[in-house]
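What follows is a set of notes on a single structure, which appears directly below.
No value in this document is a laboratory result; all are computed from the given coordinates. On a predicted model such as this, the values are computed, not experimentally measured, just so you know. For neighbour counting, all protein chains shown are included, and Cβ atoms are generated from backbone atoms with ideal geometry for every residue, glycine included.
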Amino acid sequence: MHEMTLMNGLITKMESIASEQNARRIKRVKVRLGALSHISADHFRGHFVEGTQGTVADGARLDIEISEDMDSPNAQDILLVSVDIEP
């Protein structure tokens, strides 16, 4: 359940970016999983595919970075690094 809450927040951010840029769709998304985010890249990918169905990010390429810095202030977070859009 926690993962879907995080995913919904991420999708809201992506949709806001797409709207601000008048984008038709999002082609690529890059995220960083914090060292203490407690989610694997594969698990995150599954939630991403499911959560973006029917949105402007449906079918977007997903690039995942995994941080190993446990002392980072973002160690527990899933960060949206970049979004590539199609105008």
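Could you tell me whether any residue of region 65-80 is assigned to a helix (DSSP H, G or I), in contact with a strand residue (DSSP E or B) (Cβ under 8 Å, 6 or more places away or on another chain) and surrounded by 14 or more Cβ atoms within 10 Å (Cβ to Cβ)?
No - not one qualifying residue is present in region 65-80.
Kindly provide the set of residues from region 15-31 that are over 13 Å from Leu80 (Cβ atoms) and within 13 Å of the chain's Cα centre (by Cα), ordered by number.
Matches in region 15-31: Lys27 only.
Taking Ser67, is it free of Cβ contacts under 8 Å to residues at least 40 places away in the same chain, of a type in the set (Ser, Thr, Tyr) and closer than 18 Å to Met4 by Cβ?
no
Can you confirm whether Ser40 is within 17 Å of Ile64 (Cα to Cα), more than 12 Å from the chain's Cα centre (by Cα) and either exposed (fewer than 12 other Cβ atoms within 10 Å of the Cβ) or free of Cβ contacts under 8 Å to residues at least 24 places away in the same chain (or both)?
yes
Among (1) in contact (Cβ under 8 Å) with a residue 24 or more places away in the chain; (2) closer than 20 Å to Ser82 by Cβ, there is one condition Thr12 misses while meeting the rest; what is its number?
Going through (1) in contact (Cβ under 8 Å) with a residue 24 or more places away in the chain; (2) closer than 20 Å to Ser82 by Cβ one by one, Thr12 breaks only (1).
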